[in-house]
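Written below as structure tokens is the structure these notes are about.
The values are calculated or read from the model by the stated rules, or taken from the named source; none is laboratory data. In this text, all values refer to a predicted model and were calculated from it rather than measured experimentally. FYI the Cβ positions are ideal-geometry reconstructions off the backbone, even for glycines, and counts take in every protein chain you see.
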Amino acid sequence: MISDESKYYCLSGDCPLGGPSTWHVIDWDQRRVISVTMDGEQDSEDLAIQNLSRIDSSKLPRDIYRIYVSDTGEIISRYSDPKNDATCCVHYPFLGDMTVPEGTLTIQRDKLEELERLGPDVDLVAYPPCQGPSAKKVVFKYYWLWQYGQGSWKEMSLWMRLPRNHPNIVPFDRIVVDELEGRVVGFTTTYVPGGNLEENTSRVFKLEWLRQLINVVDELNLQYGIAHQDIAPRNLVVDESTDSIMLFDFNYAARINYPPLGNGKGEHYDEERNDVKGLIFTTYEIITQDQSFRNKPHIEQNTNHLPQEWRKHPKVELDCPVASYQSILQEWEKRRTGDLAGAKFDDFPKRIDWPTRPDPPQKIVVLKNSEGKPVNVRLEQWDEKRQDVLARGGKVLNWERLPQKDLNGGVRVLSNGELIRG
């Protein structure tokens, strides 16, 4: 379920001198944009989010694109004219424009049934037949805002090239294409039940699991040239059938020391987020349930600042003394110190590489130069307003859906937002 704390977000707004101010608020639950207009110069989106949260956007009809609220947060006006629609249609690459590993499968978005909303742009879904023990449950990761397109492309391109049968990496499942033109809108990964290690703290955290994590981090870093950069309890699950701990979520991952591509098409490798430090802090957090060190900026996180003797939280269960976990980590940290310094991406024996994201169509806009004269500038068109696409008779890929609170009493919905009839 998408929590109330993470339900709303803002990426843009219009705050002219003297007001009124309009912020375009994203409702992750319904996957819609609602513009909130307020009097005065509101240079922060916080008030707009606060007003929309208090009003509860799930109560607003789908054809309401903008609301005008008073100083006390009451709705003064509602706007359903499409000219107030701030929703944009993203340019997605065609499947045929991609280079994918042999044997990679695809599935259409409208063949997936939504089972649960795990977070913004992440759902638990099922393949047809979607009911009963034969249903194939997978995690669907997607994007419907252009700002997240490059990150999704990188994560998908990397994940699909990792070993599918690795015991300590959640397997990539399929590329998801839209039902209109066969464009790539996201991907699925295998669903591992039981909750991640942040959600489920009832398991015995085994010393063998720590050894498995050390091995997979070494393999990613030293063989494949990949840094995960976000190792944390929330990104670890356990496959109980094989007694293996598994790493997932590669949205922060990067090729180590990869040459910069420019134009925002690369990814950022940050030594301050190195995986050795990440796993040490993760193990400390699991054992002690103390998150104070991880709450600091990465540049301030230093393993030397951890207590010399870790105190196990009373509710945490281990199968070996705490000292055994610390000893293994200390030896590993010593062995790994400085082993990536000066390494080039081409030096990694099993390096994973992938092509850049295909460019979108271009458009010409007229701007003024330093002399005030109009000049034509060619820009990449990563998205286009929905109202403009409809006005020219173009195809619109719908993402909007019912609020999650309405999905009860047997109501079933597909990943494209359509209800399943019958």
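Below, the figures for the structure above:
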| read-out | value |
| --- | --- |
| Residues of region 224-261 that turn out to be under 19 Å from Lys154 (Cα atoms) and of a type outside the set (Asp, Glu), as a count | 22 |
| Single unsatisfied condition, Gln308 versus (1) surrounded by 12 or more Cβ atoms within 10 Å (Cβ to Cβ); (2) without any contact (Cβ under 8 Å) to a residue 60 or more places away in the chain; (3) part of a loop (DSSP other than H, G, I, E, B) | (1) |
| Hits in region 370-422 (condition: polar (S, T, N, Q) and in contact with a helix residue (DSSP H, G or I) (Cβ under 9 Å, 6 or more places away or on another chain)) | Gln387, Gln404, Ser415, Asn416 |
| Residue in region 98-118 that is among the hydrophobic types (A, V, I, L, M, F, W, C), touching a Gly at 6+ places or on another chain (Cβ under 9 Å), at negative phi and without any contact (Cβ under 8 Å) to a residue 24 or more places away in the chain present | no |
| Scope region 28-84; condition among the acidic types (Asp, Glu), part of a loop (DSSP other than H, G, I, E, B) and under 25 Å from Gly18 (Cβ atoms); matching residues | Asp39, Glu41, Asp43, Glu45, Asp71, Glu74, Asp81 |
| Residue match in region 149-158 (condition: at pLDDT 95 or above, in a loop (DSSP other than H, G, I, E, B) and of a type outside the set (Ser, Thr, Tyr)) | no |
| One residue from Ala253, Ala232, Ala227 being small (Gly, Ala, Ser) and over 20 Å from Val192 (Cβ atoms) | Ala227 |
| Pairs, first farther than 20 Å from Gln404 by Cβ in region 55-78, second among the charged types (D, E, K, R), C-beta under 7 Å, six or more apart | Tyr65/Asp85; Ile67/Arg78; Asp71/Asp39; Gly73/Arg54 |
| Total residues in region 1-23, condition at pLDDT 90 or above, part of a strand (DSSP E or B) and closer than 22 Å to Gln147 by Cα | 8 |
| Residue list for region 269-295, filter: exposed (fewer than 15 other Cβ atoms within 10 Å of the Cβ) and either basic (Lys, Arg) or assigned to a helix (DSSP H, G or I) (or both) | Glu271, Glu272 |
| Set Val389, Val396, Val413, Val375: member being surrounded by 10 or more Cβ atoms within 10 Å (Cβ to Cβ), out of contact with any Cys (no Cβ under 8 Å at 6 or more places or on another chain) and touching a residue at least 12 places away in the same chain (Cβ under 8 Å) | Val413 |
